[in-house]
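Engineer: Handing you a structure now.
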Amino acid sequence: MKIFNTLSRQKEEFIPLEEGKVSMYVCGPTVYNLIHIGNARPMIVFDTVRRYMEHKGYAVNYVSNFTDVDDKIIKKANEEGVDPSVISERYIEECRKDMQSLNVKPATTHPKATQEIGGMIDMIQTLIDKGHAYAAQDGTVYFKTRSFKEYGKLSHKNLDDLRSGNRSLLVSGEEQKQDPLDFVLWKPKKEGEPFWESPWCEGRPGWHIECSVMSKRYLGDEIDIHAGGEDLIFPHHENEIAQSEAANDKQFAKYWMHNGFLNIDNKKMSKSEGNFFTVRDISEKYDLQVLRFFMLSAHYRSPLNFSAELMEAAKNGLDRIVTSVTNLNFLLKGVEEKETTQEEQKLIEEAREYVVKFDEAMDDDFNTADAVSVIFELVKFANTHVSEEASKGFVQAMKDEIVLLSDICGLIVDKKEEILDTQIEELIRERQEARKSRNFARADEIRDTLAAQGILLEDTREGVKWKRV
Ligand code: AMP
Ligand code: ZN
């Protein structure tokens, strides 16, 4: 399996630190609003990476944070006259709902910055003790960027170029920095802001230290993969490397993965530009599986332009797969239980080649665009070779393969038939009739059919009651 590593700017063979295991940290959203579909791109992309790793047999420890202390959260809290935690908790909840609709698996751990302040204070203290950080007079703590010799290795920036570019950026309040390149680890509280006690002042952490600390706590000093959108390469990830490696004296992450931007009219979608759609906006028009499919139709490192046409194309593409699986389900109910023929056996073997091709595409730096094309080829193969004369085993094998590959992409294509309330009540009436005429076999059969669909019957004095479980 090859991964493009931002650190080396090359595709590298993936060799985990520990055999059979993958530790992965993905920078999560700042929770002050509903997430937009740009934020959804890393969630979908890295969830797919995780699913593929799991398919390969790795046990994946996947950590993704919620940044729940930040200027924007505080601003919104002040506008609404509530505590910042009310805002962050509200949008964490909403974000979880969006993730579920996108079929993004919950992380193994979703730490929140405000729950990890103690760890941040400890790491900042270590950095001060090791001469990599210093406290200014007002209690602000800065990281001494030049003390970390490898600074710039991820973003491939040169410190002196950065310095000349940064000179004009020295703004008021920052004159206490020893060097304009130094960045904040801890800052003093301002009126109306949440704060925590620390050895330097009552205040709150800078953004970058969060991820260094949460990654260390939940995954250890060295991890396999650290990921996020490409806007995070500099300064966020560069600063994370400086903090973690200076504090722990170990290489922080072996592989750095970054997704390209989701654009609109070829400009990055972002809250600040106002050119965004929330995931919720899209859900009013489409099943969010369509959005997931749309995201996977491009390579994760390529920019992807959002448009109504591409969403329609994604909808049609996904429909093709879903329709094929629905047809196979329909056939499965009707076809005979008979031995698979030799010819069918051969076709099943042939179909396995699509799984191999799918894996090859995914092994090549998670080329989901090619992987999705393989699913289409498989669908075409199944549609061509399956008929009412086929054996159940053959139809099932075709269905299982399409569902397996779709599932690795996190696409739900096997739509369970929804049983309607009126259908349930009709069956219950039929069951009562059957019992009256002492046809208990039929009555039990109906009960079992309903149970298989998650419908539980309860015989009471007032009659039969039912509930979905
Ligand atoms: P934020 O809440 O802005 O910190 O972003 C959370 C995640 O979404 C980060 O990994 C960002 O890099 C990513 N992200 C934000 N906007 C976009 C976009 N337009 N396209 C792709 N990724 C994005
Ligand atoms: Zn981060």
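Engineer: Would you point out which residue out of F376, F440, F381 is in contact (Cβ under 8 Å) with a residue 40 or more places away in the chain and of a type in the set (F, W, Y)? Give the steps one after another, and end with the answer.
Structural biologist: Working: F440 fails: in contact (Cβ under 8 Å) with a residue 40 or more places away in the chain; F381 fails: in contact (Cβ under 8 Å) with a residue 40 or more places away in the chain.
It is F376.
Engineer: Please enumerate the residues belonging to the range 321-341 that are surrounded by 15 or more Cβ atoms within 10 Å (Cβ to Cβ) and either of a type in the set (K, R) or not in a helix (DSSP H, G or I) (or both).
Structural biologist: Residues satisfying the conditions are V335, T340.
Engineer: If you don't mind, there's one more thing I want to ask. Return yes when I233 is open to solvent by 10 Å² or more (accessible area, probe 1.4 Å) and within 16 Å of ligand 2 (Cβ to nearest atom) and no when it is not. Break it down stepwise before answering.
Structural biologist: Working: open to solvent by 10 Å² or more (accessible area, probe 1.4 Å): yes; within 16 Å of ligand 2 (Cβ to nearest atom): yes.
The answer is yes for I233.
Engineer: Can you tell me which condition R301 does not meet? The list is (1) closer than 15 Å to A369 by Cα; (2) assigned to a helix (DSSP H, G or I), and all the others hold.
Structural biologist: (2) is the only condition that R301 fails.
Engineer: Among the residues of the range 22-34 satisfying the criterion of being within 9 Å of ligand 1 (Cβ to nearest atom) and open to solvent by less than 10 Å² (accessible area, probe 1.4 Å), which is farthest from L411 (Cα to Cα)?
Structural biologist: The extreme case among them is V31.
Engineer: If I go through the range 264-298 residue by residue, how many of them are touching a Ser or Thr at 6+ places or on another chain (Cβ under 9 Å), among the aliphatic types (A, V, I, L, M) and either in a helix (DSSP H, G or I) or more than 18 Å from A313 (Cα to Cα) (or both)?
Structural biologist: The qualifying residues number 5.
Engineer: Now for a separate question. Go through the range 392-411 residue by residue and tally those that are open to solvent by less than 10 Å² (accessible area, probe 1.4 Å) and without any contact (Cβ under 8 Å) to a residue 60 or more places away in the chain.
Structural biologist: Matching residues across the range 392-411 total 2.
Engineer: When G192 is evaluated against the numbered criteria (1) surrounded by 19 or more Cβ atoms within 10 Å (Cβ to Cβ); (2) among the small types (G, A, S); (3) part of a loop (DSSP other than H, G, I, E, B), which criterion, by number, is the only one it fails?
Structural biologist: Going through (1) surrounded by 19 or more Cβ atoms within 10 Å (Cβ to Cβ); (2) among the small types (G, A, S); (3) part of a loop (DSSP other than H, G, I, E, B) one by one, G192 breaks only (1).
Engineer: Then there is this: I'm told G260 meets every condition in (1) within 15 Å of ligand 2 (Cβ to nearest atom); (2) touching a residue at least 40 places away in the same chain (Cβ under 8 Å) except one. Can you identify the failing condition by its number?
Structural biologist: Condition (1) is where G260 drops out.
Engineer: If you don't mind, another one. Out of the range 205-223, which residues are more than 11 Å from A253 (Cα to Cα), within 16 Å of ligand 1 (Cβ to nearest atom) and either within 20 Å of the chain's Cα centre (by Cα) or in a loop (DSSP other than H, G, I, E, B) (or both)?
Structural biologist: Applying the first criterion (more than 11 Å from A253 (Cα to Cα)) to the range 205-223 yields 205-211, 213-214, 217-218.
If we keep only those that are within 16 Å of ligand 1 (Cβ to nearest atom) as well, we get 205-211, 214.
Those that are more than 11 Å from A253 (Cα to Cα), within 16 Å of ligand 1 (Cβ to nearest atom) and either within 20 Å of the chain's Cα centre (by Cα) or in a loop (DSSP other than H, G, I, E, B) (or both): G206, E210, C211, M214.
Engineer: E79 versus (1) under 30 Å from S406 (Cα atoms); (2) out of contact with any helix residue (DSSP H, G or I) (no Cβ under 7 Å at 6 or more places or on another chain): which is the lone unmet condition?
Structural biologist: (1)
Engineer: Which one is nearest to the chain's Cα centre (by Cα), of the residues in the range 238-255 that are surrounded by fewer than 23 Cβ atoms within 10 Å (Cβ to Cβ) and not charged (D, E, K, R)? Lay out the reasoning, then the answer.
Structural biologist: Here is the first cut: in the range 238-255, the residues surrounded by fewer than 23 Cβ atoms within 10 Å (Cβ to Cβ) are 245, 248-251, 254-255.
Now restrict to residues that are not charged (D, E, K, R): 248, 251, 255.
Values: N248: 28, Q251: 25, Y255: 17 Å.
Among those that are surrounded by fewer than 23 Cβ atoms within 10 Å (Cβ to Cβ) and not charged (D, E, K, R), it is Y255.
Engineer: A further question follows. Filter the range 370-391 for residues that are at pLDDT below 95 and closer than 15 Å to T326 by Cα and give the result.
Structural biologist: S387, E388 - these are the residues of the range 370-391 that are at pLDDT below 95 and closer than 15 Å to T326 by Cα.
Engineer: Restricting the first residue to the range 232-249 and requiring it to be within 16 Å of ligand 1 (Cβ to nearest atom), which pairs with a second residue that is open to solvent by 10 Å² or more (accessible area, probe 1.4 Å) and in a helix (DSSP H, G or I) meet a Cβ separation below 6 Å and a spacing of at least six or different chains?
Structural biologist: H236/H208; N239/H208; E240/H208
Engineer: For the structure I just gave you, tell me whether T108 is open to solvent by 30 Å² or more (accessible area, probe 1.4 Å), of a type in the set (S, T, Y), more than 16 Å from ligand 2 (Cβ to nearest atom) and closer than 21 Å to H258 by Cα. Don't jump to the end; show me each part of the working.
Structural biologist: Working: open to solvent by 30 Å² or more (accessible area, probe 1.4 Å): yes; of a type in the set (S, T, Y): yes; more than 16 Å from ligand 2 (Cβ to nearest atom): yes; closer than 21 Å to H258 by Cα: yes.
Yes; evaluated as a whole, the condition is true for this residue.
The values are calculated or read from the model by the stated rules, or taken from the named source; none is laboratory data. Computed from a predicted model, the values in this text were never measured in an experiment. Note that each Cβ is placed from the backbone with ideal geometry, even for glycine, and that neighbours are counted across all protein chains shown. With ligands, DNA and RNA removed, areas are computed over all heavy atoms of the protein, side chains included. Shrake-Rupley method; radii C 1.70, N 1.55, O 1.52, S 1.80 Å.
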